[in-house]
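The values are calculated or read from the model by the stated rules, or taken from the named source; none is laboratory data. Note that the structure is predicted; figures quoted are calculated from it, not measured. Reconstructed Cβ throughout: ideal geometry from the backbone, glycine too, with neighbour counts over all protein chains shown. Only protein heavy atoms, including side chains, enter the accessible area calculation; ligands, DNA and RNA are left aside. Shrake-Rupley method; radii C 1.70, N 1.55, O 1.52, S 1.80 Å.
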Amino acid sequence: KKEDGAILDEIYLEEEEYRNKGIASKLIKEITNDYTVDNITLEVSMLNKNAINLYEKLGFKKIAVRKNYYKDSDGILMLKEVR
């Protein structure tokens, strides 16, 4: 949790072992409920269709493409406006 003026900048969930366990969904819901944030941005591989579908279901919109961001694909930058 955020404490005494601390700023939560970035959170990384990159490991395969964390996928398909509901962690990203719980984390995003926790951040939007417990922290004072205006927006959440994330980037995801365009090949990760499951994650893209989840993020869209959680209210994220595609706002940009980062060409060749990953070794094997472009990255998609997504935004969720919280407040």
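Points to keep in mind about this one:
- Check on LYS26, open to solvent by 40 Å² or more (accessible area, probe 1.4 Å), assigned to a strand (DSSP E or B) and at pLDDT 80 or above: no
- Yes/no for GLU3 being modelled with pLDDT of 70 or more and either open to solvent by 100 Å² or more (accessible area, probe 1.4 Å) or within 13 Å of the chain's Cα centre (by Cα) (or both): no
- Taking the criterion of being farther than 22 Å from ASN20 by Cα and not small (Gly, Ala, Ser), the residues of the range 61-83 that qualify are ILE63, VAL65, ARG66, LYS67, ASN68, TYR69, LYS71, GLU81, VAL82, ARG83.
- Residues (more than 12 Å from the chain's Cα centre (by Cα), within 25 Å of TYR69 (Cα to Cα) and without any contact (Cβ under 8 Å) to a residue 24 or more places away in the chain) located in the range 23-48: ASN48
- Just one residue in the set LEU42, LEU47, LEU58, LEU54 is of a type outside the set (D, E, K, R), open to solvent by 90 Å² or more (accessible area, probe 1.4 Å) and closer than 18 Å to ARG19 by Cβ; that residue is LEU47.
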